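Readers should treat all values here as calculations from the given coordinates under stated rules, not as data from a laboratory. These numbers were taken from a predicted model, which means no experiment stands behind them. Cβ coordinates were reconstructed from backbone atoms using ideal geometry, including for glycine residues, and neighbour counts include every protein chain displayed.
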């Protein structure tokens with residue numbers, strides 16, 4: 001275990017806990033009197049308590065402070081000394097937000113950047129005036145200003161009865177200085193609520209060296225730090241974990257076992273990537289082995305090879321499955337997003353999630369999360385109407401928004417469906433005409449055309465820029481991202497009844513369905529996600545415009561790219577007059593081009609192997625793969641061609 | 001001159017073990033006690049430099065014994081010997097005046113470290 005891995009573990013676990021906090025808060029907001037209310041408060045309390053413990057251990061002072069304040073309020077709610085009303089929920093939600101951001105900042109060594117003073121003040125307003133053992137960073141600053149001192153003491157992790165040891169330390173310090181407060185409080189220490197880091201605020205004339213001496217003399221102490229008001233957060237170089245090893249290089253994927261988490265192992269996704277690649281190579285090797293075995297005519301050998309072949313397939317499937325996580329990992333954050341967006345706009349939205357258990361590749365899920373947030377915000381902002389407008393239109397005042405995930409063969413379909421006003425085709429049309437994007441005579445838009453227009457960078461019909469969905473960023477960003485992941489996107493919109501945005505994603509990133517293209521005797525793979533159609537390159541569709549070759553495809557003029565030329569092969573020499581070259585119409589977002597190749601030889605699921613591009617080499621290959629017959633094949637990076 | 005020690009524990013096994021650890025480290029065990037009452041009596045009689053005190057003993061427990069001893073001698077140096085899970089009792093003993101603690105099962109090095117701290 002090293003510092004970096006601790007930090008990563010802290011981050012991932014804290015994120016989970018913040019999500020749990022948000023979920024429970026929303027449940028509480030819906031029904032603060034209900035039978036589940038007590039359980040919700042308990043759950044929030046436990047989650048915050050755990051974050052606090054971890055943060056204190058990592059030396060993240062601000063995270064610790066905020067979670068401590070939050071915990072104090074929650075403890076009151078738990079003991080029913082505090083009534084949960086909308087004011088309380090609002091403050092708690094704000095606190096959860098800040099906690100979420102702080103956790104990220106803390107790991108980046110920048111937790112000092114977030115000012116939590118007003119939030120802490122609000123949290124404190126929720127608890128009674130009489131308080132003992134106050135502790136805060138602002139308190140630390142005050143103590144420093146008045147000549148006081150804040151000391152942070154870390155106890156050895158293997159020390160027995162650490163809370164008792166902490167009390168001995170307090171006793172020793174108390175003899176030479178006046179202790180104004182401690183974290184944890186004396187009461188917490190007595191109840192053994194202690195994670196090994198003790199912070200003492202004290203005043204008096206005792207020099208630091210003397211304080212350090214008596215602290216260390218109390219035993220089992222590993223570090224003694226004096227916190228200054230100007231540097232409340234620990235220095236990144238400070239020993240965060242006892243006996244740490246030098247910081248490791250980033251790319252070392254490690255396997256970590258999360259303590260107390262049942263029979264689960266946390267595995268760095270990079271390690272899974274490596275496993276996936278290895279499995280891919282095994283599959284290629286298997287193909288050759290099968291061929292050799294059958295050529296050798298040795299029955300026993302062939303049988304053995306067949307058996308290992310089955311095992312290899314199983315192995316690949318298992319590795320693929322191990323990269324899968326339920327979409328709820330990410331989706332459960334969204335109720336909060338929707339609620340905030342709706343509140344900011346004065347709208348009422350009933351949001352539900354379907355298919356939480358559907359699984360998706362971990363990296364893909366992380367990559368698509370922001371896009372889903374865009375779509376949800378768009379739906380709340382532009383789709384769902386204000387309550388009074390809805391009532392006037394004969395709809396329920398509360399809008400309906402559904403996020404769903406379904407499995408469809410080897411793809412996952414994610415849909416965002418609202419029952420709002422739908423996309424105003426006339427306005428999109430008018431805007432497109434004004435911008436000169438489409439012909440002025442056009443009177444209607446197909447759903448495909450609609451998507452293509454909305455996906456244009458900066459194309460937005462929103463009347464005003466709102467805080468919620470920003471300026472025109474949305475569909476185009478989502479569209480680009482989805483395509484980059486090898487997926488596809490669809491829009492369905494019925495005026496007055498709502499809209500559905502669907503995103504279709506492959507199950508996993510490591511395997512890509514590709515068209516195989518031959519140029520001379522070399523093979524190239526073109527990811528199908530970027531292939532629009534293929535046509536024959538007849539002389540009548542090629543033109544030259546301003547010295548550049550273009551191709552006419554379905555009334556569109558597209559630039560023509562000859563792969564042959566790109567890779568420096570000689571001119572095409574057809575075997576016969578009817579042996580025409582092929583044009584693959586490729587697209588990324590709304591940029592399209594025709595890619596000329598000799599022949600399409602088929603489709604294949606290929607295992608992408610990232611490779612280190614030759615310095616100054618051609619930039620238009622995104623990786624390589626080995627085909628079933630063992631031939632190497634470069635993968636065309638379509639986006640760099642366009 | 002070596003430091004003198006009074007070892008208080010109701011179990012012979014523990015007294016022997018603590019005695020051995022301390023003797024090997026150059027301390028002089030000048031007395032043993034099996035009960036709290038005995039511990040107080042022997043302390044008054046022997047005035048050792050150090051007392052090791054079990055918490056749970058018949059006839060006045062270790063905590064009360066610490067309290068009595070500290071009444072006799074506010075500078076008495078008492079090291080509590082606790083089993084796992086006796087956190088609250090250790091806290092109480094320290095509030096009663098004990099200077100430090102060790103937790104069973106004893107590791108000689110930990111016992112000696114604690115003794116050094118108490119005598120420092």
Measuring from label point to label point, each 7 Å out along Cα→Cβ, what is the residue A:15 to residue A:121 span in nm?
3.3
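Looking at the protein assembly as shown only, what percent of DSSP beta bridges run antiparallel? Nearest 5 please. Walk me through the numbers before you get to the answer.
On the way: 87 of 115 bridges.
If I count the DSSP bridges inside the protein assembly as shown, around 75 percent turn out antiparallel.
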Exposure proxy check: B:8, B:70 ranked by fewest other beta carbons within 10 Å?
B:70, B:8
With label points set 7 Å from each Cα along the Cα-to-Cβ direction at residue A:270 and residue A:398, the distance between them in nm comes to 4.6
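Eigenvalues of the Cα gyration tensor times 5, then square-rooted: what semi-axes does that give for chain B, in whole angstrom, largest first?
Numbers: eigenvalues 63, 53, 38 Å².
In descending order, the three semi-axes are 18, 16, 14 Å.
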Just to verify a number: FRET efficiency for residue A:79 and residue A:321, C-beta to C-beta distance, R0 = 41 Å, to 0.05?
0.35
Give the separation of the Cα centroids, segment A:28-44 to segment A:162-193, in Å.
34
Based on the Cβ-Cβ distance of residue A:42 and residue A:90, what FRET efficiency does E = 1/(1 + (r/R0)^6) give at R0 = 30 Å, to the nearest 0.05?
0.90
Applying 1/(1 + (r/R0)^6) with R0 = 25 Å to the Cβ-Cβ distance of residue A:565 and residue A:528, what FRET efficiency is obtained, to the nearest 0.05?
0.60
Taking a point 7 angstrom from the Cα of residue A:193 along the C-beta vector, which residues in segment A:53-81 have backbone N less than 16 Å away?
A:53-57, A:64-81
Difference of contour (0.36 nm per residue) and Cα-Cα distance, residue A:492 to residue A:310
61.2 nm
Determine, for A:68, A:49, A:299, the number of other Cβ atoms within 10 Å of each Cβ, and report the residues in order from fewest to most.
A:299, A:49, A:68
Just order A:487-493, A:548-554 by mean Cβ neighbour count inside 10 Å, highest at the front, would you?
A:487-493, A:548-554
Kirkwood hydrodynamic radius over Cα pairs of the protein assembly as shown, then Stokes diffusion coefficient at 10 °C and 1.306 mPa s, in µm²/s
50
For A:159-165, what's the mean count of beta carbons from other chains sitting within 10 Å of each residue's beta carbon?
6
MRE, 222 nm, helices only [DSSP H, n ≥ 4, -39500 (n - 2.57), over the protein assembly as shown, to nearest 500]
-13500 deg cm²/dmol
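From the square roots a ≥ b ≥ c of the eigenvalues of the alpha-carbon gyration tensor of segment A:63-111, which class results: rounded (a/c under 1.5), prolate (a/b over b/c), or oblate?
It is oblate, given that a/c is not under 1.5 and a/b is not larger than b/c.
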Tell me the label-point distance for the pair residue A:408, residue A:518, using the 7 Å Cα-to-Cβ offset, in nm and rounded to one decimal.
3.4
Which of B:92, A:16 has the fewest Cβ neighbours within 10 Å, and the rest in rising order
A:16, B:92
Spatial separation of Cα centroids for segment A:425-439 and segment B:32-75, in angstrom
95
